[in-house]
Every structure is written in C-alpha cells, then in structure tokens.
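> Take this structure first; my questions come after.
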Amino acid sequence: MAPAHAAASGPSIRPGAQWLDTAGTPIDAHGAGLMLDTDGRIWWYGSQRQGHPCKLWNCRDGGINAYSSSDLYAWRFEGLVVPAFNDTNPRYTRNGLLLERPKVVRCTARRDYVMWVRGTAPRNEPQALAVLRADAPAGPWRLVRHFRHLGPRKLYQYADATLFQDPRDGATYVYWRTQVYPVRDRRLGFHAMRLSDDCADTVDGSDTQIFVSAHHEAPAVFFAPPSVARSAAGNNGDGTYYLWTGGTNGWRPAPVRLHRASSPLGAFNGSELAPPMPEPRMPGNAPPAQPGAWAFGSQCTFVLPNPAHTACV
C-alpha cells in the first residue's frame, strides 16, 4: 500500500504527496492493516497519529482510526473505532499505550470481526497484545483479551506482527517478531502460530520458529494461487505463500526481504529478491534510480489481494 501521506487524484495513487479522504482531510492511519470484506468493501485500520507526535522512542496516539473504500482510491473516514486505553500496570497508566499495527480478519467460524493490536508503553517497553471483537467492521469494538505474552506457556513478547487468513480453508495465522521470556533468556526469533477457531488465541502445538533471528519485522503474508504461483515460481501447482519482512533498524527504513513456502507455517526459504540488497539511501536503493524491488524508504505493513486484478497491493 502507498504510504499514508500519498495522494490519490482520480484513478491513481501518488506516493509522496498528501492523501486526503473523501471529506478532504488527510488520512490518519499509521501502520495499516487492511481487510477485504465479503461485500467487496475494503477497510483500512491504523493508528491515529496526527496531533500526537513522536519524540525519540516515546509516542502517543489517539487510538485506531478506520477508513473504507470500494476502489482503493477514495477512502471514507469511518471514525475512531478503538480509543486509546491505558495499560493495567500502574507504572504506565499515566501515559497509556501506543496502539499500533492493528490487524483485522472476519473470523471464519464465528462470522464476526476480530482485531489484534499491539500496545507499547514509553520507550517501546513493555509490549502487550489486545484482542477485540465486533459484529461489524466499524464496531463497536469490545476488548476480549489483553495480555503480555503469547504462545506456549505464554513465553513470547508480541512485537511487530500481522494476521493472515488462508483463502483455501479460512484458517487464520499470526506472524510476529518475538523475544522469549524470562528476559535473561535471550533466544530471539520470528514465530508463527495458527489461531483458535474463535480467532482470539493461538492453537497449542502450532508454534513455529520461522527464523532464528529476530531481525525481521513489519511482516506481511499473502497467498498466490496456482496460476500466479506457476508464473512467478514455475513449479508450484498448489499455490505459494509469500512472506515480506523488513530488517530491524530502529524507526529508520530498512531493506525488505521476500520469502516463499508451500504452507502457511513454512518452511520459508531465503530471500527471493536479487542480492545484494542495498541499505536505504545507498546506491541502487535511493531515488531516482531506486528499483521497485526495494522499500522506497518505507516499511511494509500489509499485502492486500487486488480484487480487480491478479495482483497484490
């Protein structure tokens, strides 16, 4: 998806220019999560950041905004659907939590909507996870779970993450960068798990370490059906799962990596982008000669199948 400060005028998206909603107001939805609903309408969820500037590692926000569109160009503001709320730890209630990277799916078994959103306190610690549920994409959203650690025995910190719903069977998966607790155990990694049928927890026994290194963030997953997969890879008759990740470079842009697998939990192979992969602003990864394979000074948050084409956005 184009960055949130891009502009759409007519049937085009213009990266680098201001993008206005249908009321003429700049779109305010940082760290986007998108959802294509069953009626064909596309929903964009993101952190409300205007009026809440970041200073060093400390950020504030107003909660989660939502927009909807039928064509990816014109976005209607649907409201502040999840207001900012405080963490339960008294040390952090004076500042609340930064809510970021909201991801929403329509839960296959329940046919309602579930949001997973990360919360961080000042200086990016601690990190928590909130799970919310609604009967409609615009809400009202209600909190159903709020916890700090994920996975078997609740060992894992929930950092940059995404949800992916497999179009073949409707199963939902979570992918995230993690740290194993207690803190003295410094084993880092990038993990994935299948969600429970109600999409509010993970399934025991599905914990998969995708990468040993935790230097993978901003994940985005999508599925290429057999016809597209054959064109792209030349050999997978069942379709291919692709995983985009970015490097960890603080809040500065980092090169992206693309991996592929034959199942949602891998194994995902090494990068499919042509090496070497230059750092941002370095030759080969800087305007105006920056190739389309790199991150254009940004970071991936979600990959949405374009309903009008055999392509993704």
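The values are calculated or read from the model by the stated rules, or taken from the named source; none is laboratory data. This is a predicted model, so every value here is computed, not measured. Don't worry about glycine lacking a Cβ; one is built from the backbone with ideal geometry, like all the others, and counts go over all protein chains shown. Ligands, DNA and RNA are stripped out before the accessible areas are found, and what is left, the full protein with its side chains, is counted by its heavy atoms. Shrake-Rupley method; radii C 1.70, N 1.55, O 1.52, S 1.80 Å.
> For the stretch 187-210, which residues satisfy the criterion of being within 12 Å of Tyr175 (Cα to Cα), among the hydrophobic types (A, V, I, L, M, F, W, C) and either in contact (Cβ under 8 Å) with a residue 40 or more places away in the chain or open to solvent by 30 Å² or more (accessible area, probe 1.4 Å) (or both)? Let's see the steps before the verdict.
Restricting attention to the stretch 187-210, the residues satisfying the condition of being within 12 Å of Tyr175 (Cα to Cα) are 189-195, 202, 206-210.
Checking which are among the hydrophobic types (A, V, I, L, M, F, W, C) leaves us with 190, 192-193, 195, 210.
Correct list: Phe190, Ala192, Met193, Ile210.
> Take the residues of the stretch 153-186 that are basic (Lys, Arg) and modelled with pLDDT under 80: which is surrounded by the fewest Cβ atoms within 10 Å (Cβ to Cβ)?
Within the stretch 153-186, the first condition is being basic (Lys, Arg), and the residues that meet it are 153-154, 168, 177, 184, 186.
Checking the rest, the ones that are also modelled with pLDDT under 80 come to 153-154, 184, 186.
Values: Arg153: 7, Lys154: 11, Arg184: 5, Arg186: 8.
That would be Arg184.
> Right, something else. Can you run down the residue pairs with Cβ atoms below 8 Å, 6 or more apart or on separate chains, where the first is in the stretch 33-47 and modelled with pLDDT of 95 or more and the partner is among the acidic types (Asp, Glu)?
Trp43/Asp37; Trp43/Glu78
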